[in-house]
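Here is the structure we will look at, set down as C-alpha cells.
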Amino acid sequence: MKTVITLFVILLLTSSCGIFNSLNSNTTIKPNDSFVLGNNEHGAFKVTLKNISNHELRIFMAPISGGTHSPIVVVPNETVKVKADKNTALVIENKSSEQANVMLKVTGDIGLSMGYKN
C-alpha cells in the first residue's frame, strides 16, 4: 500500500510540473503603445495570443540583433499561435487610440523580459 501511495505522489508531481513550463497572462496595452515579450537572450518559445480588444492589433518578430519580420494582423476575438526563435522578441502593437487587451499563453523558454515601448 505504501508503494502505491508513493508511486501515486511521484506520478502526480511529475504530471503537474508541466504547469510550470507555461506562462498565462491577461495583458493590457495602452493606446499607441507596444508590449514586447522576450527582448533578451533566451531560447525558443511559443505564444497563443487572443485579441480580446475591439480593434485589430499587429504582432511581429524582432530579433535582439536587429530588424523585424513576420508581421501578423490579429482582428478582434481572433486567436493566433506563433513561434519565436531563440533571441527573438514578440512585439504586440496597439496603434489604436483605445486600450488593448490580449490573453497570452507562453510555452517553451519562459525566462523572457517583458516591457512596454512607445
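Observations on the model:
- Scanning the range 42-71 for residues that are touching a Gly at 6+ places or on another chain (Cβ under 9 Å) and open to solvent by 60 Å² or more (accessible area, probe 1.4 Å) yields Lys46, Ile64.
- Taking the criterion of being hydrophobic (A, V, I, L, M, F, W, C), in contact with an Asp or Glu (Cβ under 9 Å, 6 or more places away or on another chain) and open to solvent by less than 60 Å² (accessible area, probe 1.4 Å), the only residue of the range 72-82 that qualifies is Val74.
- The range 83-111: number of residues that are of a type outside the set (Gly, Ala, Ser) and either in contact with a helix residue (DSSP H, G or I) (Cβ under 9 Å, 6 or more places away or on another chain) or open to solvent by 20 Å² or more (accessible area, probe 1.4 Å) (or both): 14
- Criterion violated by Leu12 - all others in (1) open to solvent by less than 100 Å² (accessible area, probe 1.4 Å); (2) at pLDDT 95 or above; (3) more than 16 Å from the chain's Cα centre (by Cα) satisfied: (2)
- The listed residue being in a loop (DSSP other than H, G, I, E, B) and closer than 18 Å to Thr107 by Cβ, out of Gly66, Gly43: Gly43
- Test: residue in the range 18-29 that is out of contact with any strand residue (DSSP E or B) (no Cβ under 6 Å at 6 or more places or on another chain), outside any strand (DSSP E or B) and modelled with pLDDT of 95 or more: no
The values are calculated or read from the model by the stated rules, or taken from the named source; none is laboratory data. Quick caveat: nothing in here was measured; it's all calculated off a predicted structure. With ideal geometry, Cβ positions are generated from the backbone for all residues, glycine too; neighbour counts draw on all protein chains shown. Ligands, DNA and RNA are stripped out before the accessible areas are found, and what is left, the full protein with its side chains, is counted by its heavy atoms. Shrake-Rupley method; radii C 1.70, N 1.55, O 1.52, S 1.80 Å.
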